[in-house]
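Data first, discussion second: the structure below is written as structure tokens.
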Amino acid sequence: MQVFYYLIFPGFLFAAVAGLLTTWFDRKVTARVHYRVGPPWFQSFADFFKLMGKEVILPENAKKTGFLLAPIVALAASVLVATILGLSNWSYDNGFVGDIIVFWYFLAVPSIMIILGAGAAGSPLSAVGSSREMKLLLGYEVPFVIVITMIIFKAGSLSLGGILEYQLAHGPILYSLSGVIAFIVALLCVQAKLGLVPFDAPEAETELGGGAFYDYSGAALAGFKLSKAILFYSLPIFLITLFWGGVRIDGGIGILWALLKYILIVALITVIRNTNPRLRIDQAVKFFWGWMTILSVIAFILSVNGL
Amino acid sequence: MKKTTLPIGPFHPLLEEPEFFTFHIDGETVVDVDLRIGYNHRGHEKLATGLTWDQVPFLVERICGICSTSHPYAYVLAVEDLLGIKAPPRGQFIRALIGEMERIHSHLLWLGLAGHFIGYNTVWMWAWRYREEILDACELLSGNRNHYAMNRVGGARRDVSQKALDFTMNALDVAEKATKMFLGAVADDPVIHKRLKGVGILTKEDAIAYGATGPTSRPSGVPFDVRVDDPYDAYGPSYTAGAWKVIVTENGDVFDKMVCRVLETLESIYLCRWLIENMPDGDFQVIPGNIPEGEGCGHHEAPRGEVFHYVRSDGSNKPIRHKVRAPTFVNLPTYKASCPGEQIADVALITASIDPCYCCTERVGVVADGRHSSLTQDDLVKLSVERTLEIEKKMGVKSVLSKFR
């Protein structure tokens, strides 16, 4: 049964399909904002399978093991993220005490793997991308942890199921002042985790030509892309779980309402990425350590005071 | 300390044409920059000497796809200078109108690209969408979206219809609205301020020292504009009539370069309106007659700065020498002043901020034994001296150079 959970639902297969569809939704909305037509719904799948069929080119200076292992580990970690999240939302008893900390840990793994993989590639462009990803990770983790801690304190539980149960009893955390502030902070951290504009400095196509992914090709690149797509599906669900009462599958309306919340958050992420230019990496780090940390601390103080 | 080099090019998403930057970096900071061109040299100057006077405009038009009217414009001005004639008023107005339409669409193209380079793809797509209106008008005026072929020695090559002028007026209205929107929405964006202000400053002294021109020098406070300093065609009367003004800003950073270009787009729109409203009737071309012996210079304020053409004639039906100097050629070296000390993320922007056009700038590079080298001043002097000696030897005269060597 564990294998089924991990590989089929809500793990790999489901998360991959949902993630690629989310990527398509993002691309389509972006295209409409740009006055373009945009890709058909299967475009992300076509891109993925095409990449899978391409040759994996190993750079001459690359540390081969690290270079090739990175996308696999990143993909495995993001599938785990999707599985834990899906199971916790399926039934509140599925989790264990402290699973949110495990979850947070696995959430950082794809980013760390991008750093390692790009570092192992041995080209200057990848190295710059890798160092930028590292700086960005150090930047957004600070407010992200404060926000998660705030929610743990507020719900009085260390498990995702416990947080959902608290929200079932007391109403979503989003419907409070501290919740709104924390949600804004968490949304921007998610934006950075997904590597989307304004926080796409590690990839920065027009500066580094792909940066961290510069040397990746074929199936290895597809692994990273899929891992990003799965995160693109998981992270909005994570936000819904933390702030908005989770995805509840009790009756038809529940699913519809959950879908609406999901689409709303994805659309919000897409709009942010289309109405902002890219921040320089030092500006991004300053932004997270400055404004976002201050805001998250304010949210924390407000929540301790019951607001 | 060990310096890392970051190669950008010859093929890179930032660069629409092949060229090769070497950034010497220390962490994320750029210490020095080196540039190599010569991947796309096509030998236009040599080709021009094999064509007749009237064929050359079509050739030089293809030096660059964006400034496709600037090069023939400067060329016909050079030949008219050689002939000592002037185009009839209607021809002058038509040429200037096309020149300004080109500036509008070129600046909108740059604005879009600048948006793309800072990761703001919405600006990219929107700027290019509104640029289409101008291109449609260009197509109706000349028959082509680009490569208008409207310049001819002695005037314009074709007349423009009143219908096309009316359509252009409407397109200008759309473009004006869009440009004002960009000026309001984009230039007031706090993130754009953060990204562009104080980045890649080119001081007034540096701009003068490097001989920068056009929208690279004007944002640094150098009020140089060929259209005003050496008025030609319809630019003189339109400037005197107060239809437009030269935009000069003081800071010299990327933000000022952007603002300068957007404001220039607006000024060009006003100028186009004035040209259409005051378009005189009558002939639009004169027959130039035979080209006498002599030489002529012509320059035009292209969207990127002053483009300069020189021609020499020996009285035959072809130029025996044709020299082209495109604005990017003098704007490129300003990287040496504006790039060091900046972040990699900003350098991409700074290199884009002069709106470089490499195909205009291409020079010969020597590739021998798989290695690329450029000819330095010393090499050229040496080659020149050798050639003189060779000729002297052939003529059997005593070398005048021998006393200097």
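Every number in this text was worked out from the coordinates using simple rules, so none of it is lab data. Just so we're clear, the structure is a prediction, and the values are computed from it rather than from any experiment. For neighbour counting, all protein chains shown are included, and Cβ atoms are generated from backbone atoms with ideal geometry for every residue, glycine included.
At-a-glance table
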{"item": "Rounded to 10°, Cα long-axis angle of helix A:124-155 versus longest principal axis of chain A", "result": "10 degrees"}
{"item": "Check: the range A:2-304 dipole with +1 on Lys, Arg Cβ and -1 on Asp, Glu Cβ, in debye", "result": "480 debye"}
{"item": "For residue B:246, net neighbour charge (Lys/Arg +1, Asp/Glu -1) across residues whose Cβ lies under 11 Å away", "result": "-2"}
{"item": "Neighbouring partner chain Cβ atoms per residue of A:115-127, average, 10 Å criterion", "result": "1"}
{"item": "Degrees between helix A:99-121 axis and first principal axis of chain A (Cα, 0 to 90, nearest 10)", "result": "10 degrees"}
{"item": "Proxy reagent accessibility, fewest Cβ within 10 Å first, across B:176, B:80", "result": "B:176, B:80"}
{"item": "Packing-based exposure ordering (other Cβ within 10 Å, fewest first) of B:145, A:280", "result": "B:145, A:280"}
{"item": "Additional length obtainable on full extension of the chain from residue A:158 to residue A:102, 0.36 nm per residue less Cα span", "result": "19.1 nm"}
{"item": "DSSP H segments from chain B that extend 30 Å or more along their own axis, Cα-based, with Kyte-Doolittle mean of -1.0 or above", "result": "B:89-117, B:121-142, B:162-185, B:254-277"}
{"item": "Crossing angle, helix A:12-33 versus chain A [Cα axis fit, 0-90 degrees, rounded to tens]", "result": "80 degrees"}
{"item": "Net charge, residue A:243 excluded, C-beta distance under 11 Å - Lys, Arg +1, Asp, Glu -1", "result": "+2"}
{"item": "Amide H contacts under 5 Å for residue B:339, placed H, 5+ residues apart", "result": "none"}
{"item": "Cα gyration tensor category, rounded, prolate or oblate, for the range A:224-307 with a/c compared to 1.5", "result": "oblate"}
{"item": "Computed over the protein assembly as shown, Kirkwood Rh from alpha-carbon pairs, angstrom", "result": "28.7 Å"}
{"item": "10 Å binning of all Cα-Cα separations within the range A:96-225, expressed as whole percents from 0 upward", "result": "12, 36, 27, 18, 7, 0"}
{"item": "Neighbourhood net charge (12 Å Cβ-Cβ; Lys/Arg +1, Asp/Glu -1) for residue A:37", "result": "+4"}
{"item": "Shielding by partners - mean other protein chain Cβ count within 10 Å, residues of A:271-279", "result": "6"}
{"item": "Segment residue B:386-residue B:208, extension gain: residue separation times 0.36 nm, minus the distance between their alpha carbons", "result": "60.6 nm"}
{"item": "Rounded if a/c under 1.5, otherwise prolate or oblate - chain B, Cα gyration tensor axes", "result": "oblate"}
{"item": "Under the Debye formula (equal points on every Cα, no solvent term), log10 I(q)/I(0) of chain A at q = 0.14 Å⁻¹", "result": "-1.09"}
{"item": "FRET efficiency, 1/(1 + (r/R0)^6) with R0 41 Å, evaluated for residue A:57 and residue A:275 via beta carbons", "result": "0.70"}
{"item": "Spatial separation of Cα centroids for the range B:279-306 and the range A:205-245, in angstrom", "result": "57 Å"}
{"item": "Shielding by partners, peptide B:193-201 (average Cβ within 10 angstrom, other chains)", "result": "2"}
{"item": "Fewest-first ranking of B:136, B:166, using other Cβ atoms within 10 Å as the exposure measure", "result": "B:166, B:136"}
{"item": "Global form of the range A:1-89, assessed from the alpha-carbon gyration tensor, a/c cut-off 1.5", "result": "oblate"}
